[in-house]
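The values are calculated or read from the model by the stated rules, or taken from the named source; none is laboratory data. Predicted model only: the values in this text are computed from it and were never measured. All Cβ positions, even for glycine, are placed from backbone atoms using ideal geometry, and neighbour counts span all protein chains on display.
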Amino acid sequence: MRDGKHILVLNGPNLNMLGLREPEIYGHETLDDIRALCESAAARLGFTLDFRQSNHEGELVTWIQQARGQVDGLILNAAAYTHTSVAIHDALRLIDVPIIEVHLSDPRKREAFRHFSYVEPLAAAVICGQGARGYVIALERLSGILSTGRAMPVPD
Ligand code: DQA
């Protein structure tokens, strides 16, 4: 039985354009469709959800800072900032709850500049290449981690 865990789902730049944006890569679902998928999975798993998107690196950093002590888990699709943002990496080091990194596509199978992730060293799991369903898998993964209290990886 889970007891009202609160999960933050953060989405980075250009994910507000899902549906229109390269559907052959990212699928046809809009971000609102993904929000609805997450809300229904969260209800099933006994989570409350805060689902947000920003095109601004600093806003994502602020939201991660504010999550400190307020959430039980974080699901993050940092989009392009995954591959560039030391600031997001540093903010993630401030929070001590499980982080699941999600990507709709599989960046490791795309251009070389997408192969490195600043999020990955801090993530308990990385879900990629599963499209919108990846967010549901991430919630399920969090549910497993939070109910078993499995130890988190410690960054170098
Ligand atoms: C993405 C992959 C990133 O490389 C890209 O910059 C995105 C979306 C994904 O969900 O597949 O914006 O994070």
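Values computed for the structure shown
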{"read-out": "Unmet requirement for residue 139, which otherwise passes all of (1) within 15 Å of residue 7 (Cβ to Cβ); (2) touching a residue at least 40 places away in the same chain (Cβ under 8 Å); (3) buried (at least 22 other Cβ atoms within 10 Å of the Cβ); (4) in contact with a strand residue (DSSP E or B) (Cβ under 6 Å, 6 or more places away or on another chain)", "value": "(4)"}
{"read-out": "Hey, residue 58 over 15 Å from the mean Cα position of the chain (by Cα) and at pLDDT below 95 or not", "value": "no"}
{"read-out": "Residue 79 vs. criteria touching a residue at least 24 places away in the same chain (Cβ under 8 Å), at positive phi, surrounded by 15 or more Cβ atoms within 10 Å (Cβ to Cβ) and of a type in the set (A, V, I, L, M, F, W, C)", "value": "yes"}
{"read-out": "Evaluation of residue 94 against (1) of a type outside the set (Asp, Glu); (2) assigned to a helix (DSSP H, G or I); (3) loosely packed, with under 15 Cβ neighbours inside 10 Å (one fails), failing number", "value": "(2)"}
{"read-out": "Residue in the stretch 34-49 that is within 23 Å of residue 121 (Cα to Cα) and within 14 Å of the ligand (Cβ to nearest atom) present", "value": "no"}
{"read-out": "Residue tally, condition aromatic (Phe, Trp, Tyr) and over 14 Å from the mean Cα position of the chain (by Cα), over the stretch 105-129", "value": "2"}
{"read-out": "Only listed residue being in contact with a helix residue (DSSP H, G or I) (Cβ under 9 Å, 6 or more places away or on another chain) and over 23 Å from residue 23 (Cα atoms), chosen from 126, 71, 86, 61", "value": "61"}
{"read-out": "Among (1) surrounded by fewer than 19 Cβ atoms within 10 Å (Cβ to Cβ); (2) in contact (Cβ under 8 Å) with a residue 40 or more places away in the chain; (3) in contact with a strand residue (DSSP E or B) (Cβ under 8 Å, 6 or more places away or on another chain), the one test that residue 14 misses", "value": "(3)"}
{"read-out": "Residue, farthest from the ligand (Cβ to nearest atom), within the stretch 17-32, restricted to residues that are assigned to a loop (DSSP other than H, G, I, E, B) and buried (at least 17 other Cβ atoms within 10 Å of the Cβ)", "value": "30"}
